[in-house]
1. What are the residues in the range 214-238 that are over 20 Å from the mean Cα position of the chain (by Cα) and touching a residue at least 24 places away in the same chain (Cβ under 8 Å), if any?
2. Does Phe111 qualify as being touching a Pro at 6+ places or on another chain (Cβ under 7 Å) and touching a residue at least 24 places away in the same chain (Cβ under 8 Å)?
3. Out of Leu174, Leu202, Leu216, which single residue is in contact with a helix residue (DSSP H, G or I) (Cβ under 9 Å, 6 or more places away or on another chain), under 16 Å from Ile54 (Cα atoms), modelled with pLDDT of 95 or more and not in a loop (DSSP other than H, G, I, E, B)?
4. Suppose we filter Gly134, Gly163, Gly106, Gly80 for residues that are surrounded by 14 or more Cβ atoms within 10 Å (Cβ to Cβ) and either free of Cβ contacts under 8 Å to residues at least 60 places away in the same chain or acidic (Asp, Glu) (or both); which single one remains?
5. So, in the range 296-355, of the ones that are free of Cβ contacts under 8 Å to residues at least 60 places away in the same chain and assigned to a strand (DSSP E or B), which residue ends up surrounded by the fewest Cβ atoms within 10 Å (Cβ to Cβ)?
6. I'd like the full set of residues that are open to solvent by 50 Å² or more (accessible area, probe 1.4 Å) and among the polar types (S, T, N, Q), limited to the range 221-255.
7. Having 3 or more residues that are over 21 Å from the mean Cα position of the chain (by Cα) and closer than 30 Å to Gln349 by Cβ is the bar; report the helices (runs of 4 or more DSSP H) wholly within the range 42-152 that clear it.
8. List the pairs whose first member sits in the range 239-251 and is without any contact (Cβ under 8 Å) to a residue 40 or more places away in the chain, whose second member is open to solvent by 50 Å² or more (accessible area, probe 1.4 Å) and not in a loop (DSSP other than H, G, I, E, B), and whose Cβ atoms are under 7 Å apart, counting only residues at least 6 apart or on separate chains?
Amino acid sequence: MAKVLVISPSICKSLKHVQTIHARGLSVGAACLGSVNLKGRSLLTLKDFNSDEIKRLLWVSGDLKHRIKKENQYLPLLQGKSIAMIFEKRSTRTRMSTETGFALLGGHPCFLTSQDIHLGVNESSTDTARVLSGLCDIVLARVYSHSTLEELEKEATIPIINGLCDLYHPIQILADFLTLQEHYGKLDGLTVSWIGDGNNVLHSFMMTAAKLGVHLRIATPKGYGPEASVVQEAQRLSKLHGTQLVMTSDPMEAAKGSDVLVTDTWVSMGQEEEKKKRLKDFHGYQISNKTGSMANPDWTFLHCLPRKQEEVDDEVFYSPRSLVFPEAENRKWTIMGLMVSLLVDYTPQTKMPRF
């Protein structure tokens, strides 16, 4: 008697997905689709995400941008869902990108400042996390201390996203790498030079670059370097992935042979009293075409904004080399890609790009 093979509906669905992937020429990305699932995860730092997971986030972000912006598709992927946006610090890009992005996907964003909720004042982070877990589907928190995020994540039963803290700014780095991917057509083999403060944005670069095959050259004034623990982990990642990590106090040395020059504010929120000393200590760190003369001929410039002229002169900032405004727009597409990846099962429709 012949054996009858019974295929469940779920297997049929999977087979259709595989057939669709190959029909669209997406076989390169098939393994990624099958092995990377970020649904239900939190993002406090990209230190916790491996190469394929970061590439997946960038792929989903680019796919949403193409489908919504280029093809004018309506994708209510987050319809019926809500996000609590906790802001201890003011913001332009983080607030606007998250609020408009979540709404564009059909969801409901709720903006909450320290004047609106009791976080850490009349109500503990533990209690806040438990309450929000019953009221919304995901939380983005822009806070002072990384420990606040860790407390929220420990007690919450929904994903927590780091919208910025003293130690990391992971959602900025996703936007930066999507911007470079779009401009250069690849990430592997690029050299990024950071010239400025050893801050949270740099820390996130250091937790991500090597995983994408990107070399990193860093110049910070003495006494303003990145955290020792972050440096140690970045050195391990560089060795593991076969990339270069150079650290110096000479901006021109850092710019040598670079594809991308990056800087950020020298005086972050909460450091206003140090401004006079910081401006003196960062003398010579302004990015100009003189700095760029040490870089590769097609070098570009990034800045997460807001920008001050002492950090980069107008000649570079408003030049064709500057990618700062596409970079700012990509804050929206990458936070959308992240939120979709953490909340739903989503299959990208476009071919996986080179990284």
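The values are calculated or read from the model by the stated rules, or taken from the named source; none is laboratory data. Source: prediction; values computed, not measured. Glycine gets a Cβ as well: all are built from the backbone with ideal geometry, and neighbour counts include every protein chain shown. Just the protein is used for accessible areas: all its heavy atoms, side chains included, with ligands, DNA and RNA removed. Shrake-Rupley method; radii C 1.70, N 1.55, O 1.52, S 1.80 Å.
1. Matches in the range 214-238: Ala219, Thr220, Pro221, Lys222, Gly223, Tyr224, Gly225.
2. Working: touching a Pro at 6+ places or on another chain (Cβ under 7 Å): no; touching a residue at least 24 places away in the same chain (Cβ under 8 Å): yes.
No: the conditions fail for Phe111.
3. Leu174
4. Working: Gly134 fails: surrounded by 14 or more Cβ atoms within 10 Å (Cβ to Cβ); Gly163 fails: either free of Cβ contacts under 8 Å to residues at least 60 places away in the same chain or acidic (Asp, Glu) (or both); Gly80 fails: surrounded by 14 or more Cβ atoms within 10 Å (Cβ to Cβ).
Unique residue meeting the criteria: Gly106.
5. Ser322
6. Ser229, Gln232, Gln235, Gln244, Ser249
7. Working: elements: 51-65, 93-104, 125-135.
Answer list for the range 42-152: none.
8. Leu245/Gln235
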